[in-house]
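Novice: Structure provided below as structure tokens; questions to follow.
Taken together, the values in this text are just the output of simple stated rules run on the coordinates, not laboratory data. Predicted, not measured: the structure shown is a model, and the values here were computed from it. With ideal geometry, Cβ positions are generated from the backbone for all residues, glycine too; neighbour counts draw on all protein chains shown.
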Amino acid sequence: MAEKNKTEEYDVIVIGGGASGMMAAGMASRDGKRVLLVEKNRELGKKLKITGGGRCNITNATYNTKELLFKFGKAEPFLYSPFSQFGVKDTFKFFETKRLPLVIEEKNRVFPKSQKAMDVFDVLYKFITQKEVTIMLTNPVSKINMDPSKKKITSIETRKGIFSAKNYILATGGTSHPETGSTGDGFKWLKELGHTANDPTPTIVPLKVSDGWVKKLSGKSVKDMKITFYINNKKAFSDKGNILFTHFGISGPTILNLAHKVTDLLHEGAVTAVVDFYPNLDIGSLDKKILATFDANKNKLFKNILKDIVPEGMTDLIINSGIVPDPSTPVHLVSKIQRRQIVDLLKGKSMTITGLMGMDRAVISDGGIPLEEVDTRTMKSRFIKNLYFTGDILHINRPSGGYSLQLCWTTAYVAGKLK
């Protein structure tokens with residue numbers, strides 16, 4: 001441990017001990033570099049350990065690079081070089097050769113077979129401790145010093161001393177899950193070093209809804225629905241998938257991945273959304289389906305046959321609607337008008353979107369350094385000769401489903417080679 005105001009020199013200093021920081025440190029040490037990994041938390045990989053609900057969605061098994069990079073939006077043309085150096089197949093090889101079997105689940109999401117994020121962390125921890133990586137925890141960086149004439153970083157100032165290196169890798173992450181230490185420190189340093197730092201916004205985040213019926217369904221989820229968003233009563237876009245109702249609004253993979261589009265709409269005016277619980281049936285077909293159920297159960301109570309006409313978990317939606325005031329009404333007394341009202345509700349239940357949840361609930365945030373300021377062939381700064389970037393410090397939008405961690409592995413691998 002260095003004494004205060006004493007400088008120790010390394011080949012490379014990695015600032016940030018998350019997923020990409022650990023990978024970058026391991027890559028550099030594998031090539032024989034003397035590495036210092038500086039982390040402000042008491043532990044490494046704090047966010048990694050909770051990602052994917054504690055299961056860790058390591059990557060997405062989209063092996064076609066063009067198809068994969070399409071998911072990264074405007075960043076796509078910048079990413080072909082790094083992904084040609086370390087892509088999805090390389091991620092599989094990296095973890096599986098280290099005795100961590102992977103499994104592919106719905107929508108090509110890849111998880112450790114054990115379903116434990118800690119097993120992913122353990123692989124990375126062994127990777128960095130097998131070589132010459134010095135790890136310093138509870139050691140926040142207070143300042144990054146630079147020589148403007150040489151366009152090089154000269155040292156970093158930390159709680160435990162001043163340290164210098166030939167090269168520096170900034171792997172501080174974004175601002176999602178601030179409770180894990182992701183508070184955007186790197187954005188402040190980028191500006192101080194002369195780079196641009198786009199302000200972060202939560203891009204993979206639940207939506208806030210004002211309607212009481214949504215909150216009454218809190219904790220319930222429905223599969224294979226269709227949700228259509230409207231701006232000032234004009235259709236904007238729609239998507240199909242699963243939805244989770246919460247006490248504040250709606251969530252689930254489909255909703256999370258649409259959040260960045262909803263953000264744009266909220267800047268333009270009033271946003272509403274309409275849920276179609278039976279997107280594969282038109283109104284006439286759904287009416288016939290419900291009528292057949294009614295005819296087969298004429299003498300049963302209405303509340304007892306609801307499970308046969310609504311998606312699982314959605315019986316309260318019909319009961320709370322008041323269409324049939326007394327749920328104990330015999331089925332044969334439910335009128336044709338009431339039946340059609342039920343059909344209309346199931347084909348188009350509307351809600352008002354009031355906003356997005358904050359960074360504390362964001363799975364992913366954007367913001368950070370624009371890719372125009374990075375040589376993505378090496379992940380090196382175009383302004384500072386000995387500075388490299390990885391992971392969430394880069395301004396890249398991407399969906400949930402393993403894309404974010406794959407970005408971490410790829411950029412960290414390239415940065416760690418220190419070309």
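Novice: Roughly how tilted is helix 336-347, in degrees to the nearest 10 and between 0 and 90, from the longest Cα axis of the chain?
Specialist: The angle comes out at about 10 degrees.
Novice: When Phe92, Phe302 are ordered from fewest to most other Cβ atoms inside 10 Å of their Cβ, what list results?
Specialist: Values: Phe92 18, Phe302 24.
Ordered from fewest to most neighbouring Cβ atoms within 10 Å, Phe92, Phe302 come out as Phe92, Phe302.
Novice: Kindly write out, for the stretch 51-61 in residue order, the coupling ³J(HN,Hα) from the Karplus curve 6.51 cos²θ - 1.76 cosθ + 1.60 (θ = phi - 60°), rounded to whole Hz, with x marking Gly and Pro.
Specialist: Values per residue, Gly and Pro as x: 5, x, x, x, 9, 6, 7, 4, 7, 10, 7 Hz.
Novice: Note down the magnitude of the dipole of the chain about its Cα centre, charges +1 on Lys and Arg C-beta and -1 on Asp and Glu C-beta and zero elsewhere, to the nearest 20 debye. Spell out each step's value before the answer.
Specialist: Working: 62 positive and 42 negative charges, 96 e Å.
Charge dipole, the chain, about its Cα centre: 460 debye, nearest 20.
Novice: Taking every pair of alpha-carbon atoms in the chain, what share in percent sits in each 20 Å bin, from 0 to the bin with the longest distance?
Specialist: 25, 46, 22, 7, 0
Novice: Work from the charge dipole of the stretch 206-357 (Cβ charges, +1 for Lys and Arg, -1 for Asp and Glu, about the Cα centre) and give the residue of Ile323, Asn299, Ser285 farthest towards its positive end.
Specialist: Result: Asn299.
Novice: In deg cm²/dmol, rounded to 500, what helix-only [θ] at 222 nm does the chain give when every DSSP H run of at least 4 residues adds -39500 (n - 2.57) and the total is split over its residues? Walk me through the intermediate numbers first.
Specialist: On the way: 13 runs with 128 residues, N = 419.
Calculated at 222 nm, the ellipticity per residue is -9000 deg cm²/dmol.
Novice: Please state the charge dipole magnitude for the stretch 276-419, taken about the Cα centre, from unit charges on C-beta atoms (+1 on K and R, -1 on D and E), reported in debye and rounded to the nearest 20. Present the calculation step by step, with values, prior to reporting the outcome.
Specialist: Values: 19 positive and 15 negative charges, 58 e Å.
It comes to approximately 280 debye.
Novice: For a Förster distance of 45 Å, can you work out the FRET efficiency between the beta-carbons of Glu372 and Lys298, rounded to the nearest 0.05?
Specialist: On the way: r = 68 Å, r/R0 = 1.52.
With a Förster radius of 45 Å, E is 0.10.
Novice: Quick one: Karplus J couplings for the stretch 245-256, per residue in order, coefficients 6.51, -1.76, 1.60, θ = phi - 60°, nearest Hz, x for Gly and Pro?
Specialist: Taking θ as phi minus 60°, the curve returns 8, 10, 6, 10, x, 10, 8, x, x, 4, 5, 4 Hz for the stretch 245-256.
Novice: How compact and how long is the stretch 206-357, expressed as Rg and Dmax of its alpha-carbon atoms in Å?
Specialist: Over the stretch 206-357's Cα set, Rg and Dmax evaluate to 16.1, 52 Å.
Novice: Under a no-solvent Debye model with one identical scatterer per Cα of the stretch 78-180, what's log10 I(q)/I(0) at q = 0.14, 0.21 Å⁻¹?
Specialist: -0.88, -1.26
Novice: Please rank Cys56, Cys408, fewest neighbouring Cβ atoms within 10 Å first, as an exposure proxy.
Specialist: On the way: Cys56 24, Cys408 27.
Exposure proxy ranking, most exposed first: Cys56, Cys408.
Novice: For Lys385 and Lys166, compute 0.36 nm times the residue count separating them, minus their Cα-Cα distance, and round to one decimal in nm.
Specialist: Working: separation 219, 0.36 × 219 = 78.84 nm, distance 0.99 nm.
Extending this stretch completely gives an extra 77.8 nm.
Novice: Here's something else I'd like to know. For a quick check: with amide H placed at 1.01 Å from N, whose amide H comes under 5 Å from Phe72's, ignoring anything fewer than 5 positions away on the same chain?
Specialist: Those qualifying (amide H under 5 Å, at least 5 residues apart or on another chain) number zero.
Novice: Still on this structure: Say we join alpha carbon atoms closer than 10 Å with springs in a Gaussian network model of the chain; which of Asn41, Asn280, Asn139 then has the biggest fluctuation?
Specialist: Asn280
Novice: Subtracting the Cα-Cα distance from 0.36 nm times the residue separation, let me have the gained length for Lys215 to Lys234 in nm, one decimal.
Specialist: Numbers: separation 19, 0.36 × 19 = 6.84 nm, distance 2.51 nm.
So the chain would gain 4.3 nm between Lys215 and Lys234.
Novice: For Ser221, Ser328, Ser251, Ser321, what's the fewest-to-most ordering of other Cβ within 10 Å of each Cβ? Intermediate results must be reported in sequence, preceding the final value.
Specialist: Details: Ser221 18, Ser328 9, Ser251 21, Ser321 13.
Result, fewest neighbours first: Ser328, Ser321, Ser221, Ser251.
Novice: For the pair Lys66/Thr97, report the inter-label distance in nm, with labels modelled 7 Å from Cα in the Cβ direction.
Specialist: 2.9 nm
Novice: Taking the chain as the reference, fit the longest principal axis to its C-alpha atoms, fit the long axis of helix 117-129 to the helix C-alpha atoms, and give the angle between the two in degrees, 0 to 90, nearest 10.
Specialist: Relative to the chain, helix 117-129 is tipped by roughly 10 degrees.
Novice: Would you calculate the separation in nanometres between label points at Lys152 and Glu312, each defined as 7 Å from the Cα along the Cα-to-beta-carbon direction?
Specialist: With each label point 7 Å from Cα toward Cβ, the separation is 6.2 nm.
Novice: Specify the residue with the greatest mean-square fluctuation among Val331, Val214, Val120, computed from a Gaussian network of the chain linking alpha-carbon atoms under 10 Å apart.
Specialist: Largest GNM mean-square fluctuation: Val331.
Novice: Follow-up question, since we're still on this one. Expressed in nm to one decimal, what extension gain is obtained for the pair Lys289 and Lys191 from 0.36 nm per residue of sequence separation less their Cα-Cα distance?
Specialist: Full-extension gain reported as 29.2 nm.
Novice: Shifting gears a bit: Would you mind checking the pairs Lys66/Lys188; Lys223/Lys289; Lys261/Lys288; Lys40/Lys417; Lys47/Lys71; Lys47/Lys417 and listing those with alpha carbons more than 27 angstrom apart? Please report the intermediate quantities before stating the final value.
Specialist: Details: Lys66/Lys188 33 Å; Lys223/Lys289 19 Å; Lys261/Lys288 36 Å; Lys40/Lys417 24 Å; Lys47/Lys71 23 Å; Lys47/Lys417 24 Å.
As for pairs spanning more than 27 Å Cα to Cα, those are Lys66/Lys188; Lys261/Lys288.
Novice: Let me check against my output: what whole-number percent is the relative contact order of the stretch 206-357, with C-alpha pairs under 8 Å and at least 6 apart? Let's see the in-between values first.
Specialist: Values: 270 pairs, mean separation 49.3, N = 152.
It comes to 32 percent, rounded to a whole number.
Novice: Turning to a different aspect of this structure: Taking the Cα atoms only, what angle lies between the long axis of helix 403-416 and the longest principal axis of the chain, rounded to 10 degrees?
Specialist: The angle comes out at about 10 degrees.
Novice: Mind giving me the FRET efficiency for Leu281 and Ser84? R0 is 35 Å, r the Cβ-Cβ distance, nearest 0.05 is fine.
Specialist: Calculated transfer efficiency: 0.20.
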